[in-house]
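Input: a single structure, listed below in structure tokens.
Derivation of every value follows stated rules applied to the coordinates shown; laboratory data play no part. Bear in mind the structure is a predicted one, so any value in this text is a computation, not a measurement. So basically every Cβ, Gly included, is an ideal-geometry build from the backbone, and we count neighbours across all protein chains shown.
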């Protein structure tokens, strides 16, 4: 019998438990990650939404910037949602934070407005992989711009890219953990199982 895939969820800040609740029905073991040692036991990583400045400071304090970069360089996939997408980008604008530089895109922080401007919208009909019409929940969401040539757009909402992939890096500007649909997380699980 083969060993179950283990997916880590960065536990500095954000709704870690919501990601775990989405991952476990996909047949994987999900666990909190706070150290470089924790990264050694997982095949994929979720960097959840939350507040990107807080998460960035935590990454620095815990010495995880280099560890996550090494994790991704080893071929293990990473999914960043909302603030996680900001941290994956090559650059963050609108109150810059240190990023991991793993995704060839620029993240515009709070591009859709403040907390009171949060909304849900369906994915555009040209979205791939069965995502057309998928409900996307945006909370103080970033916008991804200046996408590099190697960045594949999987989902758009109102023409804007909201789920992109570059190799093993997935960046999602909405909160897939809030919809009860594991389709975005399944992309990570499938990449981790390879």
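Of all residues in region 167-184, those satisfying the criterion of being outside any helix (DSSP H, G or I) and closer than 22 Å to residue 111 by Cα are 169, 170, 171, 172, 173, 174, 175, 179. For residue 189, indicate whether it is over 22 Å from residue 101 (Cβ atoms) and in a strand (DSSP E or B). When the stated conditions are applied, residue 189 does not pass them. Regarding residue 153, is this residue farther than 15 Å from residue 47 by Cα, surrounded by fewer than 21 Cβ atoms within 10 Å (Cβ to Cβ) and under 16 Å from the mean Cα position of the chain (by Cα)? Against the criterion (farther than 15 Å from residue 47 by Cα, surrounded by fewer than 21 Cβ atoms within 10 Å (Cβ to Cβ) and under 16 Å from the mean Cα position of the chain (by Cα)), residue 153 qualifies.
Residues in region 21-40 that are in a loop (DSSP other than H, G, I, E, B) and in contact (Cβ under 8 Å) with a residue 12 or more places away in the chain were compared, and the one that is nearest to residue 188 (Cα to Cα) is 28.
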